[in-house]
Amino acid sequence: MERNLALVALFAALIAALGLIPKFTLGFGVPITAQSLGIMLCGTVLGSRRGAMAVLLFLLLLALGLPLLAGGRGGLGLFVSPSAGFLIGWPVAAFVTGLVVEKWRGASLAVVAGIASVIGGILVLYVFGVAGLAVTLKKSGYEAALLVVAFVPGDIVKAVLAGVITAALAKARPQSVLSRA
Amino acid sequence: MISLTSPVETRAHRWPAGVKLAALCGATVVLFSQEGLGFHAVVFAACLLVYRLPGRRFFRAGVKGLVALWPFIAVVLVWHIVIGAPVEGLVVVLRLLSAVALANLVTMTTRLSAMIEVVRWLAAPLRRVGVNTRALEIGIALVVRFTPTLADKGAQLAQSWSARSPKKPSWRIVMPFTVLAIDDAEHVAEALKARGGLTR
Amino acid sequence: MQGEAVISRSGDPSVTFEMAGVSFSREGRALLTGLDLCVPERRVGIVGRNGSGKTTLARVLSGLVAPDQGEVRVCGVDIAKDRRAAIETVGILFQNPDHQIIFPTVEEELAFGLLQAGASKPEAERQVADILARFDKSHWASAATHQLSQGQKQLVCLMAIIAMAPKVVILDEPFSGLDIPIRAQLTRYFERIDAALIHITHDPQALRGYERVIWLEEGRIKQDGEAGPTLAAFGKHMTDLGGHDDISDLAG
Amino acid sequence: MQGEAVISRSGDPSVTFEMAGVSFSREGRALLTGLDLCVPERRVGIVGRNGSGKTTLARVLSGLVAPDQGEVRVCGVDIAKDRRAAIETVGILFQNPDHQIIFPTVEEELAFGLLQAGASKPEAERQVADILARFDKSHWASAATHQLSQGQKQLVCLMAIIAMAPKVVILDEPFSGLDIPIRAQLTRYFERIDAALIHITHDPQALRGYERVIWLEEGRIKQDGEAGPTLAAFGKHMTDLGGHDDISDLAG
Ligand SMILES: Nc1ncnc2c1ncn2[C@@H]1O[C@H](COP(=O)(O)OP(=O)(O)OP(=O)(O)O)[C@@H](O)[C@H]1O
Ligand SMILES: Nc1ncnc2c1ncn2[C@@H]1O[C@H](COP(=O)(O)OP(=O)(O)OP(=O)(O)O)[C@@H](O)[C@H]1O
Ligand SMILES: O=C(O)CCCC[C@@H]1SC[C@@H]2NC(=O)N[C@@H]21
Ligand SMILES: [Mg+2]
Ligand SMILES: [Mg+2]
């Protein structure tokens, strides 16, 4: 029980720590950020429910005003900014990513975690992101979808990283990979 | 960790956090229901005025939070000028600025402990149906704890590396760091348990 | 035999701790093997070489891990099962302060255990201020724990335990990083308090005035009894081992 | 004055270390202030209370952090700038072994520094086997570092440094968690080796036979000179401070 809570809090903090890596803000106001790697890892390591809880905890702290988003941003304002769709999609992304890792035991963990990250951290997440952009920027869904293409290469690299790290962690500390525990 | 709460003590610091949050929600709904340029210009000017009231230091901190939005503002303006709807562009920009400004205002005038109290209050119904909300409170505190220690642990590892290597720490440090973080969480879990854990 | 042993004076709160047939293993290695102990004494030392299982025993005694076999009671409480009673009964000082500190500020760290034990917020605040003042460290209240020096961290951990006033205090090398004045003060402080002490150390000096000493070797009891003779035997054995001239003659 | 001081025998490799006008601060607090030292002695102790800046000084001396002001040379090497020369010159034992260990197995941990210093793989393996055999710990080679006891970890860290054979060894409380036999053996071992030693400790006993002792207080040099008199003054001051009867009389 205490272990689960500590690991959930750790991963929420990990998302925050990844915000220390410099971001690159695209023209329409949403940055390319290492924090989405944290979202993927929440799912692949903690599994669906705890992964989503870690992200929710992170968002809660963000909403409470801690400057945890890349570039030291924080506060409620973010939830009405162009990033809002992505932020709302983050817990769902972690949940779906974790669900895939929990259910699919057929291939090596690295491959499973990588593909799960693509499904949850890209496919599912972008649905929310695009919707958010369409609302905040008053664009059509199609136009918004074009904008997020810029994130694809970076996010694929992150998915691969998530796969590799998860597999290595499962080797070093198997009992801490809750998605497979 | 530094929170975004302003060290400049304003009158709003003493207002109940819950009231401020509720007012903010209301204001945001109103902002997004209005389309008039005049309305948004007045609201934004009012926001700036409110920021200026507690003094220059507070104003500067507040403006810094808005300046961060400039790429977005530039693109929306250019885009709307290109498609021939500059007024609509201005409305989008002003609305966003006001919404962010108001939200940041709440953030800047409310302490973390007060925010945690609101969370406690919001979670009260959960408590009544038997959910252990103590976990939520401890969870918040733990994140605040892990964030600087993660950076610390990273720095420690980098130092241990440079004590024995002339080269900069390489990617090989990633796994040790991850494992260190996990071990840290396991230690915290044990320390929590030693002092009662989630029993209360 | 092992595992069938039963605690003789089961539930007696005046007995510091009792174990019967306690074994504990991790990853296929036996770290503790068949420990039977009944310890009514209130000043108990635990000694042994590096890796002999002292810290493992401390974790079992504080209920942080449950033994694979056997039974453990501290002041009559089944410490691994009844966690609520456990925190009122045992306080443990971890060997490595970095493993113990949970919170970002000294104040929060000290208050946590008190709140956990049921104190109200103002009550906890008062007690924290008290304990800080007692150690003349009131200026530490809002200090960031991760910026403290190693010895300072150790002192914070000690204050956190002392503040909770448990019936039994387990100290895992409490003085290893502390300076001489603090050490002297704490030694005197521990002489005075009512709580029973279980003190793990490599320094036989630190156990002066103790009633009983348990000497562990490879997870078993090598010798156990009155402090004087046990420490003497232990000290002699250690000096013998250390006396070899070549470092490579050293086993362990 | 401060910061203008210049190193007198700049670049002299026979001088253990020299510092001129060294100051270091973190988050607006001065942790070290205006240190001027020229230390040709080869057995140097550093003493001081908890939080007096000993570990910070060790980090500056090993070039892990650069001072805000002033210059530091160890065996003539500008330790903060010339990192390649630095790791051949200084080896540092961290106070907390958990801050030092990077790799999952003992073998990898010991080989790392050797490989980084330019040894070939087979060469490094041979040296690792050597050092493990010398301490009679060959069976530790593939052990998982995180499963070791605190003292065992400390010994691994020490072996990692000894294997690299630096000219100056900085020891930050090397014996705090070690058992008596290992302590005795290491003490003798350190007496014999050629490397210069800078030894941080709370235990004046550990500095027997040392030539010079530096006593730090709040980031400044309180006393510095021949070991005998400095330790005597330090010991007396510490005992005085520790002698008060009430714990709350204690400042620091
Ligand atoms: N998780 C683990 N898995 C396997 N072995 C372990 C684990 N934890 C500890 N050990 C081993 O158990 C033995 C006892 O460890 P313990 O920490 O209890 O020793 P100790 O007596 O406290 O030593 P020290 O004086 O160095 O602190 C050691 O040999 C250690 O390597
Ligand atoms: N990152 C930091 N920021 C601010 N203060 C710090 C930081 N690191 C250390 N300090 C402070 O610097 C002082 C000296 O710390 P240092 O670790 O050098 O002490 P020390 O002499 O090694 O003590 P000990 O005997 O307890 O190990 C302490 O008061 C500590 O709180
Ligand atoms: O505003 C922020 O800092 C975060 C917004 C979310 C960024 C999204 S997450 C998926 C996509 N990949 C990125 O690198 N950035 C976006
Ligand atoms: Mg131990
Ligand atoms: Mg120190």
Assuming a viscosity of 0.692 mPa s and a temperature of 37 °C, what translational diffusion coefficient in µm² per second does Stokes-Einstein assign to the protein assembly as shown, Rh being the Kirkwood radius over Cα pairs? 110 µm²/s
What residue among B:126, B:24, B:102 shows peak mean-square fluctuation when chain B is described by a Gaussian network model with Cα springs under 10 Å? B:126
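Kindly work out what percent of the DSSP beta bridges joining two residues of the protein assembly as shown are antiparallel, to the nearest 5. Could you put the intermediate results ahead of the total?
Details: 45 of 81 bridges.
If I count the DSSP bridges inside the protein assembly as shown, around 55 percent turn out antiparallel.
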Lys/Arg Cβ at +1, Asp/Glu Cβ at -1, dipole of segment B:29-135 taken about the Cα centre: which of B:78, B:121, B:96 is farthest positive-ward? B:121
Calculated on alpha-carbon atoms, Rg and Dmax of segment D:169-248 in Å: 14.2, 46
List the distances, in nm and shortest first, from the label point of residue D:143 to the matching label points in every other copy, placing each point 7 Å from Cα along the Cα-to-Cβ direction. 3.4
Can you list residues from other chains, or at least 5 along the same chain, whose modelled amide H is less than 5 Å from the amide H of residue D:179? C:50
Cα-Cα pairs above 29 Å in chain D: how many percent? 32 percent
Going 7 Å from Cα along the Cα-Cβ axis for the label, what nanometre distances separate residue D:187 from the same residue across the other copies? 1.7
What do you get for the angle between helix C:227-243 and the principal long axis of chain C? Use alpha-carbon atoms, 0 to 90 degrees, nearest ten. 70 degrees
With the charge dipole of chain A built from beta-carbon charges (+1 for Lys and Arg, -1 for Asp and Glu) about the Cα centre, the Cα from A:68, A:140, A:108 projecting farthest to the positive end belongs to A:108
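How large is the dipole of segment D:17-243 about the Cα centre if only Lys and Arg carry +1 and Asp and Glu carry -1, each at its Cβ, rounded to the nearest 20 debye?
With only Lys, Arg, Asp and Glu charged at Cβ, the dipole is about 140 debye.
Using DSSP H assignments, which helices in chain B have an axial alpha-carbon span of 27 Å or above and a mean Kyte-Doolittle hydropathy of 1.6 or higher? If you can, show how the numbers build up before the last one.
On the way: long enough: B:86-108 (32 Å, 1.75); B:134-162 (41 Å, 0.39); B:174-194 (30 Å, 0.71).
Answer set is B:86-108.
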Nm distances between the label at residue C:218 and the same-position labels in the remaining copies, 7 Å along Cα→Cβ, shortest first? 5.4
P(r) of segment B:112-200 over all Cα-Cα pairs, 5 Å bins starting at 0, rounded to whole percent, reads 3, 11, 17, 16, 14, 12, 9, 7, 5, 3, 1, 0
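Which entries of A:23/D:81; C:54/D:153; B:167/D:167; B:193/C:153 show an alpha-carbon separation above 22 angstrom in the structure shown? Before the final figure, lay out each step's value.
Working: A:23/D:81 30 Å; C:54/D:153 15 Å; B:167/D:167 20 Å; B:193/C:153 19 Å.
Going by Cα-Cα distance, A:23/D:81 fall outside the 22 Å limit.
Per residue Cα convex hull volume for segment C:124-210, in cubic angstrom?
Details: hull volume 8.8 nm³, N = 87.
Output value, Cα hull per residue: 101 Å³.
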If you line up the long axis of helix C:180-192 against the longest principal axis of chain C, both from Cα atoms, how many degrees apart are they, to the nearest 10? 80 degrees
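List the residue ranges in chain A for DSSP H helices whose C-alpha atoms run 27 angstrom or more along the long axis and whose Kyte-Doolittle average is 0.5 or above. Present the calculation step by step, with values, prior to reporting the outcome.
Details: long enough: A:84-103 (29 Å, 1.41); A:152-172 (30 Å, 1.42).
Sorted by number, the helices that extend far enough and score high enough are A:84-103, A:152-172.
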Qualifying chymotrypsin sites (Phe, Trp or Tyr not before Pro) for segment B:133-171 [loop in DSSP, other Cβ within 10 Å: at most 14]: none
Burial ranking of peptide ranges C:135-145, C:164-174 (average Cβ count within 10 Å, highest at the top): C:164-174, C:135-145
Chain D, closest residue to the rotation axis toward C, by beta-carbon, whole angstrom: D:176, 2
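Which whole-number percent of Cα pairs in segment A:122-169 have a distance greater than 13 Å? Mind showing how you got there, number by number?
Working: 674 of 1128 pairs.
Taking all Cα-Cα pairs of segment A:122-169, the fraction more than 13 Å apart is 60 percent.
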Quotient of Cα Rg and 2.2 N^0.38 Å for segment B:43-200, N being how many residues it contains: 1.55
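Rule-based calculations on the coordinates, nothing more; no lab input. All values derive from a computational prediction rather than experimental measurement. Quick reminder, even Gly has a Cβ in these numbers, built from the backbone with ideal geometry, and neighbours come from all protein chains shown.
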